[in-house]
Amino acid sequence: MTIGYLDYPLAGGYIHNWLVAGPAATVVPDLARFTGADYKLQIARHYHEPDSGVNETPAEMQPFVAGETSLKWNYVRCRDDHYVDLSVFHHETTYLRAWAYVEVVSAAAQGEAQLRTVTCTLTTNGPADVWLNGHHVHRQEHFYHQLPKRVTFELALQPGPNPLLVRMEQVAARECPYAMALHLGTGKGLSVRLPTAIAPAERRARFERAFSAAHLRQDVFKADEQVAFYWPED
């Protein structure tokens with residue numbers, strides 16, 4: 001299998017292009033075991049695993065098995081709010097896990113230190129773990145039902161690509177806001193790339209650019225008007 005790479009800039013310091021797998025959903029049995037105002041945190045700690053569960057490098061459209069759940073790595077492009085949004089509704093109390101992967105490319109200038117420290121902000125509704133270059137570097141434990149909470153920490157980036165994995169957790173009890181955004185400081189000298197199993201990668205990238213460039217020239221149409229899409233001259 002041939003793996004290609006898709007290159008993207010940051011959007012105001014935010015990562016806007018991800019490979020996402022999940023969420024994997026586990027209905028919580030014997031819910032009475034978890035009592036009190038922090039019952040969601042108790043559930044998250046009960047199911048938490050220190051290992052990421054990702055043993056092979058992700059690639060777009062490739063399968064990923066999480067426990068007994070078969071998933072697939074899908075491409076997600078964030079909208080203007082910067083979020084990977086997996087918000088969902090479950091009638092039964094359900095523990096959720098999802099994984100978001102990207103490779104952060106650091107273009108260190110000649111003479112700079114080998115490691116570059118970047119102040120990051122991870123915004124989530126629920127707990128999350130971060131792995132960089134295969135090492136666990138951060139965990140945050142909180143539950144914010146409506147507005148996600150921002151947590152700041154530092155990443156030490158090597159020159160070139162740095163595999164970065166975010167595992168985001170949530171406990172759904174009916175409606176469940178479930179979002180994640182990652183901001184990499186000023187973003188200067190940084191970009192991202194994603195592995196893809198779609199070949200050839202350049203043709204796939206050209207289609208994405210074409211779809212992204214399509215736009216309308218009006219917002220309201222009458223019933224007899226044709227809805228036309230336009231592209232820039234290039």
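The values are calculated or read from the model by the stated rules, or taken from the named source; none is laboratory data. Fair warning: this is a prediction, and the values are worked out from it, not measured in the lab. A quick note on method: Cβ atoms are made from the backbone with ideal geometry, for glycine too, and the neighbour counts reach across all protein chains shown. Surface accessibility is based on the protein's heavy atoms, side chains included, excluding ligands, DNA and RNA. Shrake-Rupley method; radii C 1.70, N 1.55, O 1.52, S 1.80 Å.
Annotations for the structure displayed:
- When the residues of region 70-80 are filtered to those that are open to solvent by less than 50 Å² (accessible area, probe 1.4 Å) and part of a strand (DSSP E or B), the one that is nearest to A25 (Cα to Cα) is L71.
- Of the residues making up region 204-224, at least one is small (G, A, S) and under 19 Å from M61 (Cα atoms).
- Within region 135-156, considering residues that are out of contact with any Leu (no Cβ under 9 Å at 6 or more places or on another chain) and outside any strand (DSSP E or B), the one surrounded by the most Cβ atoms within 10 Å (Cβ to Cβ): P148
- Applying the criterion of being part of a loop (DSSP other than H, G, I, E, B) and small (G, A, S) to the residues of region 187-234, the residue that is nearest to H16 (Cα to Cα) is G187.
- Test: residue in region 20-33 that is out of contact with any helix residue (DSSP H, G or I) (no Cβ under 9 Å at 6 or more places or on another chain) and under 21 Å from V105 (Cα atoms): yes
Yes or no, residue by residue, for (1) more than 21 Å from P163 (Cβ to Cβ); (2) free of Cβ contacts under 8 Å to residues at least 60 places away in the same chain; (3) among the polar types (S, T, N, Q):
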{"site": "E56", "(1), (2), (3)": "no, yes, no"}
{"site": "V76", "(1), (2), (3)": "no, yes, no"}
{"site": "H90", "(1), (2), (3)": "yes, no, no"}
{"site": "T94", "(1), (2), (3)": "yes, no, yes"}
{"site": "A98", "(1), (2), (3)": "no, no, no"}
{"site": "A107", "(1), (2), (3)": "no, no, no"}
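- Exactly one residue among D7, D51 is open to solvent by 50 Å² or more (accessible area, probe 1.4 Å) and either in a strand (DSSP E or B) or of a type in the set (V, I, T) (or both), and that residue is D7.
- Checklist (1) touching a strand residue (DSSP E or B) at 6+ places or on another chain (Cβ under 8 Å); (2) open to solvent by 50 Å² or more (accessible area, probe 1.4 Å) applied to I43, failing item: (2)
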